[in-house]
Amino acid sequence: MSIVGIDYNKCSNCNLCVSTCLLFRKDKDQNKIIYIDNPKYQCNLCGQCIARCPEDAILYEGLGEALTYEGVKKPETIASYDTIFKFLAANRSIRLYKKKNVPPDTLKKVFEAMSRAPTGDNRRIEKFSILSDRNRIKKLNDAVLEALLSNQEGNERYGLLFRLISRRFHSPVYFDAPHVIFVDSEEDSEIEANNIGIIITYGRLAAQALGLGTCWNGWTQIAMRFNPQIKELANIKGNMMGTFIIGYPAVKFARSPPRFLKAIDGLD
Ligand SMILES: Cc1cc2nc3c(=O)[nH]c(=O)nc-3n(C[C@H](O)[C@H](O)[C@H](O)COP(=O)(O)O)c2cc1C
Ligand code: SF4
Ligand code: SF4
């Protein structure tokens, strides 16, 4: 994975890459733009040079695909604030699912959107995985429940809740959703917590655009701290993780619930 250089058959010397990144500069003697991979200021593979170059002249390898489409230069023309606001306000945690699996191609689209999420320093060290086997989800459910209820505090907080929802669901921790998605990372840091949260948010919003429902599952994350076996059951290796369930929603909402605008210190 790297920026390789510049295709001089395409480059028009426009200087945009130079104004984008310190790793490009104009070589006056040769009268051309050059790319220098400087060990003191290393390329973090953010791809902004690729995205900015009007001639598609930046050479790279192993980074995946750069996309171009109508509106890419003016994102505000792709969706208005009104549309985005309504879409965000309509996002609900779904706890009732149809007994129907999501086709792999549709799930792949959710992962593709997750792969477009920003991460600190563009490190992208997080791993994605999915459980779709009912029996394996049940085993994980049981381990999470046991861990959550293993101490007095957990019992007080979750005991009654799970007694009640266990009457309705085979795997109450996951509300019998057909799939559970995990984003995990070997690194356990505040920035990783942010990265995972953003990745999951991208996935959940993409899922909504595909007619799917999702719900964050912090319970798995909490339980993992008490029982390391949960990592094995979830088939993840990392030390930090986020989880959400996904499937076709069996519930519709007539309105977006009340959310007051918080006081904004310093706005006026
Ligand atoms: C980080 C995070 C963890 C959550 N964990 C759970 C969970 O374990 N189980 C659950 O049913 N809902 C979980 N939720 C969903 C919240 O309860 C939900 O977002 C909140 O009640 C607002 O409802 P809404 O998402 O429908 O707007 C979680 C949400 C977030 C952001
Ligand atoms: S942005 Fe592209 S076309 Fe412009 S100078 Fe850089 S490589 Fe050449
Ligand atoms: S990928 Fe990012 S850091 Fe690397 S050369 Fe391009 S703009 Fe600079």
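Nothing in this text is a laboratory measurement; each read-out follows from the coordinates by a stated rule. The structure presented is a predicted model; accordingly, all values stated were derived computationally and were not measured. No Cβ is skipped: glycine too gets one built from the backbone with ideal geometry, and neighbour counts run over all protein chains shown.
Taking only DSSP H segments of four or more residues, each worth -39500 (n - 2.57), what value at 222 nm results for the chain once the sum is divided by all its residues, to the nearest 500 deg cm²/dmol?
About -10500 deg cm²/dmol.
For an R0 of 45 angstrom, estimate the FRET efficiency from the Cβ-Cβ distance between K139 and N44 and round to the nearest 0.05.
Step by step, r from the Cβ atoms, then E = 0.70.
As a quick test, which of the pairs K86/K231; K98/K138; K86/K138; K100/K252 have an alpha carbon distance above 25 angstrom in this structure?
K86/K231; K86/K138
Arranged by the count of other C-beta atoms within 10 angstrom, fewest first, what order do D133, D105 take?
Fewest-to-most Cβ neighbours within 10 Å comes out as D105, D133.
Compute the length gained on full extension between K98 and N122: take 0.36 nm times their separation in residues and subtract their Cα-Cα distance, giving the result in nm to one decimal.
5.0 nm
Assuming R0 = 35 Å, can you tell me the calculated FRET efficiency for the pair D268 and L210, based on Cβ-Cβ distance, to the nearest 0.05?
Plugging the Cβ-Cβ distance into 1/(1 + (r/R0)^6) gives 0.30.
Would you mind checking which residues have amide H under 5 Å from Y97's amide H? H placed 1.01 Å from N; only 5 or more apart, or other chain.
A250
Can you pull the Kirkwood radius for the chain, inverse mean 1/r over Cα pairs, to one decimal in Å?
Radius from the Kirkwood sum: 21.6 Å.
Based on the alpha carbons, how large is the Rg to Rh ratio for segment 2-61 when Rh follows Kirkwood?
In segment 2-61, Rg relative to Rh is 0.92.
Can you list residues from other chains, or at least 5 along the same chain, whose modelled amide H is less than 5 Å from the amide H of N239?
Excluding prolines and chain starts, which carry no amide H, the hits are S185, E186, E187.
Please state the Cα pair-distance histogram of segment 114-170 with 5 angstrom bins from zero: what percent is in each bin?
4, 14, 17, 15, 12, 11, 15, 10, 2, 0
For segment 231-243, in order, what is each residue's ³J(HN,Hα) by Karplus, 6.51 cos²θ - 1.76 cosθ + 1.60 with θ = phi - 60°, in whole Hz (x at glycine and Pro)?
These are the phi-based 3J(HN,Hα) values: 4, 5, 5, 8, 6, 10, 10, x, 9, 10, 8, x, 9 Hz.
Among Q229, Q30, Q42, which one shows the highest mean-square fluctuation when the chain is modelled as a Gaussian network with alpha-carbon springs under 10 Å?
Residue with maximal mean-square fluctuation among Q229, Q30, Q42: Q30.
What residue among L212, L107, L23 shows peak mean-square fluctuation when the chain is described by a Gaussian network model with Cα springs under 10 Å?
Between L212, L107, L23, it is L23 that shows the largest mean-square fluctuation.
With viscosity set to 1.306 mPa s and temperature to 10 °C, compute the Stokes-Einstein D of segment 173-215, Rh being the Kirkwood radius across alpha carbon pairs; µm²/s, no decimals.
136 µm²/s
On alpha-carbon atoms, Rg over Rh for segment 83-185 using Kirkwood Rh?
Ratio of gyration radius to Kirkwood radius: 1.02.
At S256 and V4, where each label point lies 7 Å from the Cα along Cα→Cβ, what is the point-to-point distance in nanometres?
For S256 paired with V4, the spin-label model returns 4.6 nm.
With springs only between Cα atoms under 10 Å apart, run a GNM on the chain and tell me which of E146, E186, E156 wobbles the most.
Between E146, E186, E156, it is E156 that shows the largest mean-square fluctuation.
Taking R0 as 30 Å, what FRET efficiency do you get between N155 and F85 from their Cβ-Cβ distance, rounded to the nearest 0.05?
Once rounded, the FRET efficiency stands at 0.15.
Go through segment 158-169 residue by residue and turn each phi into a ³J(HN,Hα) via Karplus (6.51, -1.76, 1.60, θ = phi - 60°); whole Hz please, and just put x for glycine and proline.
10, x, 5, 3, 6, 4, 6, 6, 5, 5, 9, 10
Kindly write out, for segment 105-120 in residue order, the coupling ³J(HN,Hα) from the Karplus curve 6.51 cos²θ - 1.76 cosθ + 1.60 (θ = phi - 60°), rounded to whole Hz, with x marking Gly and Pro.
Each residue's phi maps through the Karplus curve to give 5, 6, 4, 4, 4, 5, 5, 5, 5, 4, 5, 8, 6, x, 9, x Hz.
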